[in-house]
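Quick note: the coordinates plus some simple rules give every number you see, no bench work behind them. As the structure is a prediction and not an experimental result, all values here were calculated from the model. We place every Cβ from the backbone using ideal geometry, glycine too, and count neighbours over all the protein chains shown.
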């Protein structure tokens, strides 16, 4: 009986998933945290050795009670965008500079001015953002050229784990798309961008399909992990397409809305390989599914908004606090009795792309209680996600169902609010740990257990009963949404003026 091993390298922890494809269920999971190092306020770095040690620990834990000889394949899901510099022997030259690093903000502007915003987005599917590999390398070229001169290859975080398992340096197309210097249509490194900023194409690794076998488990790695040598190691993919695979989003017609700390709208699309529409407020990246792309819209403070309210109102930092807020919100009618919340507590990405946007309660009176605030927060986040979804659908067509993911989707109240605001049914996958499961399914395809991802998802992914929108509340929310969408343009100048008074 076959087992598959999925390793999900996140920002705060690694999770290893042992998956039984015969019964379509997770056999065991284990997670191990590691820190984000901030040597300066605008820096966010991680020690790749911490990733490796956490991986060794979690793999050993999930395989303790298993027959390790049954493991037929290993693959990965990984945090996106970051850069790890390697020397000619494949050793790290510097801590990994991850997606949350902000040092390259000025380099983003350099890229836009050098290439042109419209041309840049048409090639890369996105404008450059701080923390993306491309802008990070441009920053290093200006500020630490000696370090860049000593760099043989630059890879993404998950690629380091695969390097440790196989000895082979490579990346996959989906992670490459998140670099900001990848041609999403030609599916190769964007020499038209790289040449203009003086970055050599040979600095970047070999490109593989996400289901390709990148190598086999070496003897030293097998000894470290407690596994047999020779297991096929499959390339893997970025975490957003990995969770999409785990949620069955492998063709157009469905989208996912993830309500985690931030919020993401993931919409699979087909685009013209030679030309096609992009939007600088969105990211258009290559899916792990060959011949498919996806639109990614992101808001910055989804679950973080409710956590902020939890802390502000003195509730304990436990899961029960969120149940309390959900229960109180459920007693308040749609519209929170005249209260709107703008969830821009950390600025906003889609659609405003404004780090100086600010949050706020509009319509607050002495009548409103904590339940009103909780309801308004949930509604405001849902409104912001609707803006991201509508913008995404302008590029990718229509969807019939939304797959609800993330911790916020576990709240029946919040999931119903999202269905009512979006006007679409919401479903949840019956599987958890979707990114890790997605990695395991990639391993299954690469190892030959599944013919392709269509077969894998058909056998594995199942959904719970849908949460249907209420037509009356949806009509109410349509009116509220019109007002919500007007508030940011009205208040933008005030937000920027008020930001001057915030201390660093």
task: Going by C-beta contacts inside 10 Å, put 468, 283 in order with the fewest on the left.
output: 468, 283
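If you count the DSSP beta bridges with both ends in segment 3-241, what percent of them are antiparallel, to the nearest 5?
Roughly 70 percent of the beta bridges in segment 3-241 run antiparallel, per DSSP.
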Taking 172, 159, 470 and counting other C-beta atoms within 10 Å, the order from fewest to most: 470, 159, 172
statement: Zone reached by a paramagnetic label modelled 7 Å from residue 2 Cα along Cα→Cβ, restricted to segment 18-43 with backbone N below 13 Å, covers 19-24
message: Give me 475, 15, 196 sorted ascending by neighbouring Cβ count inside 10 Å, so fewest comes first.
response: 475, 196, 15
Principal-axis tilt of helix 319-330 within the chain, Cα atoms, nearest 10 degrees: 40 degrees
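Work out the FRET efficiency for residue 27 and residue 49 from their Cβ-Cβ distance, taking R0 = 41 Å, and round it to the nearest 0.05.
Efficiency, rounded to the nearest 0.05: 0.90.
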- prompt: When averaged across all projection directions, what area in nm² does the alpha-carbon convex hull of segment 64-112 cover?
  reply: 6.7 nm²
query: Taking a label point 7 Å from the Cα of residue 42 along the Cα→Cβ vector, which residues of segment 466-504 have an amide N closer than 20 Å to it?
result: 499-504
message: Can you compute the helix-only [θ] at 222 nm over the chain? Use -39500 (n - 2.57) per DSSP H run of at least 4 residues, normalise by all residues, nearest 500 deg cm²/dmol.
response: -12000 deg cm²/dmol
Estimated inter-spin distance, residue 277 and residue 119, nm [label 7 Å along Cα→Cβ]: 2.4 nm
- prompt: In whole angstrom, how far apart do the alpha carbon centroids of segment 327-346 and segment 162-181 sit?
  reply: 42 Å
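Students often check this: by mean Cβ neighbours within 10 Å, which of 204-210, 92-98 ranks highest, and how do the rest follow?
On the way: 204-210: 21.0, 92-98: 19.4.
Highest mean packing first, the order is 204-210, 92-98.
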message: Suppose R0 equals 25 Å. What FRET efficiency, 1/(1 + (r/R0)^6) with r the Cβ-Cβ distance, do residue 430 and residue 67 give to the nearest 0.05?
response: 0.45
- prompt: By per-residue mean of other Cβ atoms within 10 Å, what is the highest-first order of 28-38, 492-502?
  reply: 28-38, 492-502
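Assuming 0.36 nm per residue, please report the length gained on full extension of the stretch residue 13 to residue 364 beyond their Cα-Cα distance. All intermediate terms of the calculation are to be shown ahead of the outcome.
Numbers: separation 351, 0.36 × 351 = 126.36 nm, distance 3.88 nm.
The span from residue 13 to residue 364 would gain 122.5 nm if fully extended.
What's the FRET efficiency of residue 311 with residue 60 using the Cβ-Cβ distance as r and R₀ = 25 Å, to the nearest 0.05? If you can, show how the numbers build up before the last one.
Numbers: r = 36 Å, r/R0 = 1.45.
That pair, residue 311 with residue 60, gives E of 0.10.
Can you tell me the alpha carbon radius of gyration of segment 1-154 divided by the globular rule-of-thumb value 2.2 N^0.38 Å? Could you put the intermediate results ahead of the total?
On the way: Rg = 18.8 Å, N = 154, 2.2 N^0.38 = 14.9 Å.
Normalised Cα radius of gyration, segment 1-154: 1.26.
Only Cα pairs under 8 Å and at least 6 apart count here; give the relative contact order of the chain as a rounded whole percent.
Details: 1155 pairs, mean separation 78.3, N = 504.
Once normalised by length, the contact order is 16 percent.
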- prompt: Over the C-alpha atoms of the chain, what are the Rg and the largest Cα-to-Cα span, Dmax, in Å?
  reply: 22.4, 68
- prompt: Let a ≥ b ≥ c be the square roots of the eigenvalues of the Cα gyration tensor of segment 160-318; is it rounded (a/c under 1.5), or, if not, prolate (a/b larger than b/c) or oblate?
  reply: oblate
field: Residue list for segment 286-318, given a label point 7 angstrom along the Cα-to-Cβ vector of residue 458 and an amide N cut-off under 18 Å
entry: 289-290
